[in-house]
Amino acid sequence: AQQPRIDSGALPTSQAGILLRQFGRRAGFASPRQLFSECAGLIRQLKPCVLMSPQSVAQYLDPSQPPFDVVVFDEASQVPTHEAIGAIARGRHVVVVGDSKQLPPTSFFLGGAQNKADGDDADGASAGDEVLAELDSILEECSASGLASLRLGWHYRSRHPSLIAFSNTRYYGSRLQVLPSAEARPANLGVSVTHVKGAVYDRGNTATNVGEARALVAELVRRLRDPNESQRSLGVVTFSRSQQALVEDLLEEARAQYPEIE
């Protein structure tokens with residue numbers, strides 16, 4: 001709602017006019033750095049969130065422009081400190097997100113092997129060896145500086161806890177919580193699908209699926225009558241109001257048959 005409207009009536013020298021002129025060109029576009037400099041205020045309003053690499057920030061964003069409210073680094077354990085400084089300088093606040101247990105960045109892709117060939121031998125390695133010198137990451141710098149930190153406890157990439165059990169115990173102090181998986185899950189944990197045979201969606205008439213609704217209500221009644229399951233809360237989601245009404249009607253019938261679920 002706060003985004004400005006760009007219409008053809010904008011003055012050619014205004015920020016909107018400059019952008020409109022660029023939109024209409026087929027060639028000879030202004031460079032991103034030039035546009036960010038000339039139309040910084042309008043671009044920030046149109047696109048409040050900008051996704052860039054640290055190198056792109058240095059290349060396209062003039063440091064003299066007003067700073068961003070927040071700069072966020074993801075995978076910060078892979079970002080060398082010298083690459084991050086320029087992006088940090090372009091924001092009022094910074095959030096650094098990463099895993100200190102991951103491998104740090106190296107100089108291998110930054111000309112390290114060439115430096116070795118030039119005679120900068122370390123630890124007695126031969127001139128033909130590749131340099132894998134570790135670089136300080138912005139995550140390490142922030143941790144060493146004592147900045148406030150928050151540890152995230154959820155792990156969602158493994159399909160079963162056993163896949164990260166060793167790492168969780170050895171490196172993370174068994175603090176990681178794995179989201180339930182649909183496969184190889186413990187009893188009553190995770191997501192499962194129940195196929196209801198013969199359940200058909202009545203598209204042209206009631207717009208409901210009676211078979212599915214009856215199977216759902218039967219499962220609800222079973223849980224509500226079970227001493228252990230009845231202690232849990234239940235949520236039901238339907239894909240339409242007509243299906244919702246059908247489920248509620250069937251529940252009313254079940255309440256008359258099984259007063260203990262009232």
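The values are calculated or read from the model by the stated rules, or taken from the named source; none is laboratory data. Here the structure is a predicted model, which is why all the values come from computation and not from measurement. Please note: Cβ atoms are built from the backbone with ideal geometry, for glycine as well, and neighbour counts cover all protein chains shown. The protein model used for the area step is the full one, side chains on, heavy atoms only, and it has no ligands, DNA or RNA in it. Shrake-Rupley method; radii C 1.70, N 1.55, O 1.52, S 1.80 Å.
Just one residue in the set ALA30, ALA40 is under 30 Å from CYS142 (Cα atoms) and not acidic (Asp, Glu); that residue is ALA40.
Whenever a residue of region 69-83 is within 14 Å of CYS49 (Cβ to Cβ), its partners that are at pLDDT below 90, lying with C-beta atoms within less than 9 angstrom and at least six residues away or across chains, give the pairs ASP69/PRO48.
Pairing each residue of region 221-243 that is under 30 Å from ASN205 (Cβ atoms) with any residue that is assigned to a helix (DSSP H, G or I) and polar (S, T, N, Q), provided the two are 6+ apart or on different chains, yields C-beta distances under 6 Å for THR238/GLN244. Reported count of residues in region 173-202, each being open to solvent by 100 Å² or more (accessible area, probe 1.4 Å), touching a His at 6+ places or on another chain (Cβ under 9 Å) and modelled with pLDDT of 75 or more, is 1. Screening ARG170 on (1) open to solvent by less than 80 Å² (accessible area, probe 1.4 Å); (2) modelled with pLDDT of 85 or more shows it passes everything except condition (1).
Test SER137 against the criterion of being closer than 19 Å to VAL71 by Cβ, small (Gly, Ala, Ser), over 21 Å from the mean Cα position of the chain (by Cα) and modelled with pLDDT of 75 or more, and give yes or no. Here the answer is yes, as SER137 does meet what is asked. Looking at region 1-106, the helices (runs of 4 or more DSSP H) lying wholly inside it that each contain 1 or more residues that are touching a Pro at 6+ places or on another chain (Cβ under 8 Å) and crowded, with 16+ Cβ neighbours inside 10 Å sit at 15-23, 40-46, 54-60, 81-88. On the given criteria, is ARG26 more than 30 Å from ILE85 (Cα to Cα) and out of contact with any Asp or Glu (no Cβ under 9 Å at 6 or more places or on another chain)? Against the criterion (more than 30 Å from ILE85 (Cα to Cα) and out of contact with any Asp or Glu (no Cβ under 9 Å at 6 or more places or on another chain)), ARG26 qualifies. Of all the numbered requirements in (1) open to solvent by less than 70 Å² (accessible area, probe 1.4 Å); (2) modelled with pLDDT under 90, ALA207 misses one, and that requirement is (2). A count restricted to region 138-157 and to residues that are among the acidic types (Asp, Glu) and open to solvent by 80 Å² or more (accessible area, probe 1.4 Å) stands at 1.
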